Amino acid sequence: MFYDTHAHLHFPDFTADIEEVIARASDAGVSRIITIGTDFETSRKSIELADRFPSVFAAVGWHPTHVMEAPEDIRSELLGMTRHPKVVALGETGLDYYWLPSKTKDASITDEEHKRRQASLFRQHLEVAAEAGLNCVVHQRESFDDCVAQLEPFADRVKGVFHCFSGSVPELQRVLALDSIVSFTGILTFKKAHRIRETFAAVPEGKFMFETDCPYLAPEPFRQKRCEPAFIRNTVEVAQQARGCSLEALSQSSCAAARAFFGRLS
């Protein structure tokens with residue numbers, strides 16, 4: 001048994017065959033899927049999917065790359081969504097410095113203002129998480145130091161899962177120092193991902209989870225194809241080799257970590 005702790009089942013990629021996708025996940029031993037919102041609309045769609053399928057749970061949030069479409073204050077709306085019993089976290093939130101205006105040729109806003117807006121939204125997610133008693137799903141791309149700095153003042157109230165983790169062992173230690181955790185995608189299976197496998201092998205028990213980030217990041221041998229929750233199996237088989245342990249041990253450790261982090265996950 002494994003959990004897919006980060007999926008985007010609300011994406012149009014899954015509209016035509018969502019029932020089959022859920023069934024294939026179950027057949028592959030994936031018993032829980034957390035589908036992650038990226039704005040209000042997709043957060044509501046994630047809740048609808050959680051209502052529709054017993055194995056699906058939801059996280060609600062506003063992705064940092066969509067900051068220009070976000071209201072100035074998102075706290076009240078998010079707090080209302082957290083009252084749903086199958087909402088298990090805030091997010092996907094965090095900071096993304098890869099898709100800044102200077103890189104996307106957007107002259108309407110400066111990079112610094114874009115970063116300021118991202119930081120404001122991230123802080124609002126953390127505030128709502130603290131009030132609701134939930135944790136946060138953290139997106140960080142080329143922004144690790146700032147993400148850690150922003151999470152640090154909330155570390156006694158909110159944990160973060162640094163999703164799609166591809167950092168070094170020293171970066172892992174900084175996450176663990178915040179009593180936060182990490183999760184790994186199909187990137188773990190890529191031939192050139194030696195450092196990521198080394199980092200994974202160094203993560204203490206109970207501090208890692210697995211995810212697909214589907215429809216993105218399909219593991220080998222499905223690269224360049226639509227990813228889906230059933231593919232967790234391919235990732236954990238490579239993880240087993242990197243860690244030198246049994247699939248049963250990986251199942252117990254990763255699922256226990258998920259249940260501890262996502263307190264409403266049943």
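The values are calculated or read from the model by the stated rules, or taken from the named source; none is laboratory data. Predicted model, so just to flag it, every value in this text is computed and none were measured. For neighbour counting, all protein chains shown are included, and Cβ atoms are generated from backbone atoms with ideal geometry for every residue, glycine included. With ligands, DNA and RNA removed, areas are computed over all heavy atoms of the protein, side chains included. Shrake-Rupley method; radii C 1.70, N 1.55, O 1.52, S 1.80 Å.
The table for this structure:
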| read-out | value |
| --- | --- |
| V137 crowded, with 19+ Cβ neighbours inside 10 Å and either farther than 19 Å from T5 by Cα or at pLDDT 95 or above (or both) | yes |
| Near pairs, Cβ below 6 angstrom, 6+ apart or cross-chain, from region 141-152 (under 15 Å from S180 (Cβ atoms) and open to solvent by less than 70 Å² (accessible area, probe 1.4 Å)) to any residue that is in a helix (DSSP H, G or I) and aromatic (F, W, Y) | Q150/F122 |
| Scan of region 23-41 for residues that are open to solvent by 20 Å² or more (accessible area, probe 1.4 Å) and either touching a Cys at 6+ places or on another chain (Cβ under 9 Å) or not basic (K, R) (or both), ordered by number | A23, S26, D27, A28, G29, S31, R32, D39, F40, E41 |
| So T93, is it crowded, with 19+ Cβ neighbours inside 10 Å, of a type in the set (S, T, Y) and within 22 Å of V148 (Cβ to Cβ) | yes |
| Residues of region 136-184 classified as on the phi > 0 side of the Ramachandran plot and hydrophobic (A, V, I, L, M, F, W, C), total | 1 |
| Cβ-Cβ under 7 Å pairs, at least 6 apart or on other chains, region 157-186 side closer than 19 Å to F262 by Cα, far side surrounded by fewer than 17 Cβ atoms within 10 Å (Cβ to Cβ) and not charged (D, E, K, R) | R157/A130; V158/A130; L178/A155; D179/A155 |
| Selected residue (criterion: farthest from Q224 (Cα to Cα)) from residues of region 7-22 that are open to solvent by less than 80 Å² (accessible area, probe 1.4 Å) and either free of Cβ contacts under 8 Å to residues at least 12 places away in the same chain or among the acidic types (D, E) (or both) | D17 |
